[in-house]
Structure formats: C-alpha cells, structure tokens
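Participant: One structure is given below, represented as structure tokens, and several questions about it will come after.
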Amino acid sequence: MLTGCSDTGAGGDQLQVVEDPERASAAPSPATAEEPAGRVVPADSDVTDLAAADGTLAAALAGEDAVQLHDLDEPEADPRTVPLPGEADSLRTIDGTIVATMPDAGAFARIDVATGKAEVVDVDGAPTGVAADGERTLVALRDAKAVQVLDAHDSPVGTVRDDLYSADDVLVAGGGAVVLDRLRTAVFSLDLADDTIGEGLRAGQGAADATTDEYGRVLVTDARNGALLAFDTDPLLLRQRQPVPGGAYGVAYDAKRHVAWVTLTERNEVVGYDVRGGQPEEKFRLPTVRQPDSVTVDERTSQVIIGSAAEEGIQVITP
C-alpha cells in the first residue's frame, strides 16, 4: 500500500502522477448517433450536476445561482426554482435532503425538497463536497486543501489538512471517511479523532467522480484510464478495478438493484454494472444525450437520470 508523505515536491511523492498535475475532465462527446433512451426534458443551460430525493430531481445548471427541482413523476412539468447565494458546483443526497456546494460563495446549502427551502451554511473556504458522519458534517474545501468538521449545530470543531494537493470531495462509507484528491488522483483516509490524514492510494490516472455503495465502499471513476474503482475504507484498500472504455466520468449507485451506473462521454452512453460479486458484471448499456457528465438514481423507482453538459437537457431512463 502506498501512503501519503510530507514531501510534496516532484519526485518525492509516490502518489503524484505528473510534475504539474491537472484535474481530469470529461472526454468531449461526438454528436449523438442514437436516440437517447427514455425521455429527455429540456434544460436552459449545461447541466453541471444532479441528485434525487423522494421522487424529486435537483439539477444544477451552469451560470445559475439556483437549483431546479423537478417532479420525477411528471418530469416535463415546470420545475421549482430554489435561489442560492452562488452557483452550485455539486449536488448530493444526504438523509433525504439535497446538499448543494457553492465554492464561489463559500457556502453549502441543505435543500428541503418538500418545501423548496434552502438552509445556507457559510464555511471558511470553497466547499466542493459534503458528507455526513453521524451528527457531524464533513466539508471538503478544495482550495484550502482541507476537510472541515462541523458539529450538529454546524459549528467548526476540527480541520484536516495534511498532505493534500486538493480536497475535491469527501465520502463516508463502511465505518471510514475518505477524501478525494483529484489533483493527486488519489483517495486518502481521514482520522477524525486526530484531525490527520491516514493512508493514501492512487485512484487510477485521472480520478473524476465518486459515490458510495451499500457494501461500505467508495466507487471512483478513472477518466484517463477508463475504469471504475471500488475502495474499502477501513482499512483503505482497492477491492475492484473494472475497465470501462469510452470516456468513463459520472458515477451513481442504485442500492435497490445493486447497480453502479457510469457515464461514457466519448460514446454518449451509460453502462450499469452489478457490483455484488467479486468483479462488476455489465447489466445495462443505453444511449444518452450528448456530453453525459452527470448521473443520479431515484432510489424509489431505480430511474436513472443523466445530465447533458452540451445543452441537450435532462434524460430520464427507466431500465
């Protein structure tokens, strides 16, 4: 196992891929050659992220200081708009609530999908990922290269910042917490008792998106090598590596079907893998809208929702 080390200079860091690292981005998509599966709902701009809770889809759109809420039973109906103090960078569902990060505003928001009201929490940094750990909230602060720990009242009680190039996301699974460092293309375990970084493992050559599954693992897409990686968190171990050619980027998990969905931006496809066994098994492969950078799952119905980053709307699929 590789571990993080204090020397972050070129040649002294076993987890650094190149001397001047850059975050992996989605491979550009060609024009669509097949009709997208399911239904496509128009969007006013590029979709930057999606999350679903209780039959409601939250969509973040480029250039908008708001999140749109769509009723998944009637996705073509006009969405509700939830104003925010900044543009949403990422969306995640936590305990039935949509959480939106707004790095430019130095805040994140918890959105109640029933009322459409947003509770805004200011933080000392640019948040790009949020996770719940019991009553605590963990916030990844990309530019601060740190993870901030908030108590049940959203007051800061600790900060973990050792050995990170960039704190792009934070996830809790299997009794452990990890931070995704996309510049280093690595994941690191967090010791929240001591506010320190623990073990670190390479996450391919271009770690992109991440989620968790019901087996206590963190799933990460490798956009440069085309793969889906599954990590145990306690201890941090790479359990599976599934080749996914075609521009792997977005990832979401359906706990009802035990399926991890990965978008392929080079092919305008989404592929679903059953991850219950020792190695993922392909179960679905469906055509999508152009530039399918984001994906989420409605846990009630197992509907898969794809967001186009090329202004082709939001795609709702019932596999």
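Participant: Determine which member of the set 10, 52 is out of contact with any Lys or Arg (no Cβ under 6 Å at 6 or more places or on another chain), modelled with pLDDT of 95 or more and open to solvent by less than 80 Å² (accessible area, probe 1.4 Å).
Facilitator: Values: 10 fails: modelled with pLDDT of 95 or more.
That would be 52, the only listed residue that is out of contact with any Lys or Arg (no Cβ under 6 Å at 6 or more places or on another chain), modelled with pLDDT of 95 or more and open to solvent by less than 80 Å² (accessible area, probe 1.4 Å).
Participant: Testing residue 172 on (1) open to solvent by 40 Å² or more (accessible area, probe 1.4 Å); (2) in a loop (DSSP other than H, G, I, E, B), one condition comes back false. Which one is that?
Facilitator: Just one mismatch for residue 172, condition (2).
Participant: Another question, if that's okay. Filter the stretch 176-197 down to the residues that are among the small types (Gly, Ala, Ser) and either surrounded by fewer than 24 Cβ atoms within 10 Å (Cβ to Cβ) or farther than 17 Å from residue 212 by Cα (or both) and list them by number. Spell out the reasoning first.
Facilitator: Start the filter on the stretch 176-197 by keeping residues that are among the small types (Gly, Ala, Ser), which leaves 176-177, 186, 189, 193.
Correct list: 176, 189, 193.
Participant: Another one. Got a number for residues in the stretch 279-297 being buried (at least 23 other Cβ atoms within 10 Å of the Cβ) and within 21 Å of residue 39 (Cβ to Cβ)? Steps first, answer last, please.
Facilitator: So in the stretch 279-297, the residues buried (at least 23 other Cβ atoms within 10 Å of the Cβ) come out as 280, 288-289, 291-297.
After this cut, where a residue has to be within 21 Å of residue 39 (Cβ to Cβ) as well, the list is 288-289, 291-297.
Summing the residues that are buried (at least 23 other Cβ atoms within 10 Å of the Cβ) and within 21 Å of residue 39 (Cβ to Cβ) in the stretch 279-297 gives 9.
Participant: Residue check: is residue 200 within 15 Å of residue 171 (Cβ to Cβ), crowded, with 24+ Cβ neighbours inside 10 Å and either small (Gly, Ala, Ser) or modelled with pLDDT under 95 (or both)? Let's see the steps before the verdict.
Facilitator: Working: within 15 Å of residue 171 (Cβ to Cβ): yes; crowded, with 24+ Cβ neighbours inside 10 Å: yes; either small (Gly, Ala, Ser) or modelled with pLDDT under 95 (or both): yes.
Spelling it out, residue 200 is indeed within 15 Å of residue 171 (Cβ to Cβ), crowded, with 24+ Cβ neighbours inside 10 Å and either small (Gly, Ala, Ser) or modelled with pLDDT under 95 (or both).
Participant: Select, from 276, 224, 239, 257, the only residue that is closer than 22 Å to residue 178 by Cα, buried (at least 16 other Cβ atoms within 10 Å of the Cβ) and basic (Lys, Arg).
Facilitator: Details: 276 fails: buried (at least 16 other Cβ atoms within 10 Å of the Cβ); 239 fails: buried (at least 16 other Cβ atoms within 10 Å of the Cβ); 257 fails: closer than 22 Å to residue 178 by Cα.
Checking each option against the conditions leaves just 224.
Participant: Show the residue pairs meeting these rules: Cβ distance below 7 Å; 6+ apart or different chains; first residue within the stretch 274-303 and without any contact (Cβ under 8 Å) to a residue 12 or more places away in the chain; second residue open to solvent by less than 90 Å² (accessible area, probe 1.4 Å) and not in a loop (DSSP other than H, G, I, E, B).
Facilitator: From residues that are without any contact (Cβ under 8 Å) to a residue 12 or more places away in the chain, the pairs are 281/273; 281/274; 282/271; 282/273.
Participant: Residue by residue through the stretch 243-252, note down the ones that are buried (at least 21 other Cβ atoms within 10 Å of the Cβ) and either hydroxyl-bearing (Ser, Thr, Tyr) or under 21 Å from residue 201 (Cα atoms) (or both).
Facilitator: Looking only at the stretch 243-252, we keep the residues that are buried (at least 21 other Cβ atoms within 10 Å of the Cβ), and these are 244, 247-252.
Hits for the stretch 243-252 are 244, 248, 249, 250, 251.
Participant: Would you mind telling me which numbered condition in (1) aliphatic (A, V, I, L, M); (2) open to solvent by less than 10 Å² (accessible area, probe 1.4 Å); (3) in a loop (DSSP other than H, G, I, E, B) residue 144 fails?
Facilitator: Going through the list (1) aliphatic (A, V, I, L, M); (2) open to solvent by less than 10 Å² (accessible area, probe 1.4 Å); (3) in a loop (DSSP other than H, G, I, E, B), residue 144 breaks only (2).
Participant: Same structure, new question: Suppose we filter the stretch 108-123 for residues that are surrounded by fewer than 21 Cβ atoms within 10 Å (Cβ to Cβ) and within 19 Å of the chain's Cα centre (by Cα); how many remain?
Facilitator: 1
Participant: Take residue 97 and decide whether it is farther than 25 Å from residue 173 by Cα, open to solvent by 10 Å² or more (accessible area, probe 1.4 Å) and either in contact with a strand residue (DSSP E or B) (Cβ under 7 Å, 6 or more places away or on another chain) or of a type outside the set (Phe, Trp, Tyr) (or both).
Facilitator: On the way: farther than 25 Å from residue 173 by Cα: no; open to solvent by 10 Å² or more (accessible area, probe 1.4 Å): yes; either in contact with a strand residue (DSSP E or B) (Cβ under 7 Å, 6 or more places away or on another chain) or of a type outside the set (Phe, Trp, Tyr) (or both): yes.
So residue 97 fails the test.
The values are calculated or read from the model by the stated rules, or taken from the named source; none is laboratory data. Just so it is clear, the structure is predicted and the values come from calculations on it, not from any experiment. Note that each Cβ is placed from the backbone with ideal geometry, even for glycine, and that neighbours are counted across all protein chains shown. Please note that ligands, DNA and RNA were not included when accessible areas were found on the heavy atoms of the full protein model with its side chains. Shrake-Rupley method; radii C 1.70, N 1.55, O 1.52, S 1.80 Å.
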